[in-house]
Each structure stands twice: as C-alpha cells, then as structure tokens.
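First comes the structure, then the notes that go with it.
The values are calculated or read from the model by the stated rules, or taken from the named source; none is laboratory data. Being a predicted model, the structure only gives us computed values, none of them experimental. Methodologically, a virtual Cβ is constructed for each residue, glycine included, from the backbone with ideal geometry; neighbour enumeration extends over all protein chains shown.
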Amino acid sequence: MSSKTWDLFLLIHRFHLLMWKTLAKRSIRSGGLYRIVYMAMYIRVKRSKTTYFLQCDPTETILDVKQKLHTLIDQPINDQRLILVGTGEILDDSKTLADQKVENDAVVALTLRKDDNEFEDVNIVRPNDDFYQSRDPDGSW
Amino acid sequence: MRKEDTVKLISAEGFEFVIDKRAAMVSQTIRNMLTSPGSFAEREHGEVTFPEISTTILEKICQYFYWSLQFASGKDTEFPIEPELTLELMMAANYLHT
C-alpha cells in the first residue's frame with residue numbers, strides 16, 4: 001500500500017471516529033440511544049379508575065395484548081376479558097387487533113373473572129366533568 | 001414491556017394512567033423527576049401525582065405523549081384538541097414543559 005492511500009485511510013478512519021463520538025454525545029444528551037421510539041399504535045385499556053396505555057402493532061393478537069397486561073397487573077390471561085368499548089364486542093384471543101378493527105387510540109375495557117368464575121361487568125369510572133366548577137365556585141381563576 | 005418501564009400518573013381525582021416511561025419523558029418536568037438522582041420519591045415508586053391536573057386533561061396529555069412519539073417516528077397525523085379543553089391543557093403543558 002502506498003503512503004498516499006494509507007493517509008487517506010487514516011483520514012477516513014478519523015472522520016468515522018469523530019462522527020460516532022458526536023452521535024454518542026447527542027444520544028446521551030437526549031436521554032439514551034432510543035430517543036425516537038418506533039410506535040405503530042397504542043390502545044387504552046380501562047378498568048375502574050385506571051387506564052393502561054399499551055403500545056402494540058395491528059398484527060398482534062388479543063392474546064399478545066393480554067400477555068402485556070399480565071406483566072402489568074399480575075392477572076392470569078385466562079382471567080382477563082377485553083371488550084372494545086365503541087362496539088361492545090368481546091375481543092377474541094386468536095384474532096389480531098386489525099382483524100377486529102381495534103385502531104390507534106381505541107378504548108378497550110378490561111374485565112376480570114370473579115370468584116364465582118363469571119366475568120364482571122364493564123366497569124369504567126368517568127371523571128366528574130364539573131370538577132373545575134366545583135373546586136372554584138365563583139368561576140375566577 | 002416490563003412493569004419497571006412504566007410510570008403511573010395520578011390525576012387530581014385519583015384516576016391512574018399507566019404509561020411507558022419513554023412516553024412520559026416527552027415532558028421535561030417528568031423526565032427530571034424520573035432521572036434526577038435521589039431526591040424525588042417519584043423515581044422509586046414510579047408514581048407521580050398531579051393534584052393540580054384534572055383527569056380529562058391528564059388523559060389528553062398522555063395521549064399527546066404517545067402522539068408525539070408517533071409523530072417523531074414519521075407518522076403525520078393531527079392531534080385533536082377540543083376547544084373547551086384548550087385553556088386547561090395549555091396551563092398543564094406549561095407546567096410539564098411539554
């Protein structure tokens with residue numbers, strides 16, 4: 001190898017190092033390598049006063065979703081039932097989200113199996129809409 | 001997704017929203033709470049209570065976090081805001097540095 005090509009090689013090498021350093025610094029500053037998170041969709045699973053935001057993909061099955069819920073709430077998959085709130089349809093474990101028209105930002109109700117082996121009714125508590133009025137009766141901020 | 005990767009945001013009325021930490025960190029205020037060393041109890045329990053933010057607004061904010069991540073990864077949709085929520089939402093966004 002001639003010294004000229006060698007010089008060129010070194011130059012490119014240095015440039016690469018510099019680039020990686022800058023990239024690494026930038027990613028540390030922005031809080032980790034994955035500042036930009038790829039997310040196809042999310043659904044909102046609601047029960048009582050709690051809402052779980054779950055990231056998912058339209059090709060995932062309801063079983064996959066229940067698996068995710070299992071890691072969050074420690075309820076066995078068999079004791080979970082998911083119901084699409086818009087239509088009232090009970091979601092089928094083997095079908096995908098796309099199959100059952102569960103779209104981005106959809107609200108899904110979670111019901112759990114009770115002691116008598118039946119599933120409880122859908123129970124989603126809604127916030128009292130006049131919270132701000134009741135807290136501030138004279139209407140001033 | 002593991003339980004440790006989520007954070008629970010609690011509204012004024014005690015409603016709970018469990019969201020991904022990466023989504024919550026869209027808010028600079030929450031990011032500081034979750035990442036600053038020691039001091040914040042929020043960091044240990046993975047729970048943040050917002051006695052000033054109503055449930056409707058907090059849910060909207062969580063939706064915004066997720067929308068923001070989707071937008072950053074190239075999904076070009078609009079974020080819908082109901083006119084009657086605008087003022088409260090702006091105040092909350094100001095507080096959260098969002």
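Counting only residues that are at pLDDT 90 or above and either within 10 Å of chain A (Cβ to nearest Cβ) or under 18 Å from B:Gln63 (Cβ atoms) (or both), give me the strands (runs of 3 or more DSSP E) lying completely in the range B:1-52 with at least 3 of them.
B:6-10, B:16-20
Every residue, every condition in (1) of a type in the set (Asp, Glu); (2) in contact with a helix residue (DSSP H, G or I) (Cβ under 6 Å, 6 or more places away or on another chain); (3) within 21 Å of B:Asn32 (Cα to Cα), yes or no:
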position: B:Thr56; (1), (2), (3): no, no, no
position: B:Tyr64; (1), (2), (3): no, no, yes
position: B:Glu78; (1), (2), (3): yes, no, no
position: B:Leu87; (1), (2), (3): no, no, no
position: B:Ala92; (1), (2), (3): no, yes, yes
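Do we have any residue at all in the range B:61-80 that's outside any helix (DSSP H, G or I), among the charged types (D, E, K, R), without any contact (Cβ under 8 Å) to a residue 24 or more places away in the chain and more than 10 Å from every other protein chain (Cβ to nearest Cβ)? Let's see the steps before the verdict.
At the first step, the residues of the range B:61-80 found to be outside any helix (DSSP H, G or I) are B:73-80.
Next, from what is left, pick out any that are among the charged types (D, E, K, R): B:75-76, B:78.
Filter again for without any contact (Cβ under 8 Å) to a residue 24 or more places away in the chain, leaving B:75-76, B:78.
From the residues that got through so far, the ones that are more than 10 Å from every other protein chain (Cβ to nearest Cβ) too are B:76, B:78.
Scanning the range B:61-80, I find at least one residue that is outside any helix (DSSP H, G or I), among the charged types (D, E, K, R), without any contact (Cβ under 8 Å) to a residue 24 or more places away in the chain and more than 10 Å from every other protein chain (Cβ to nearest Cβ), so the answer is yes.
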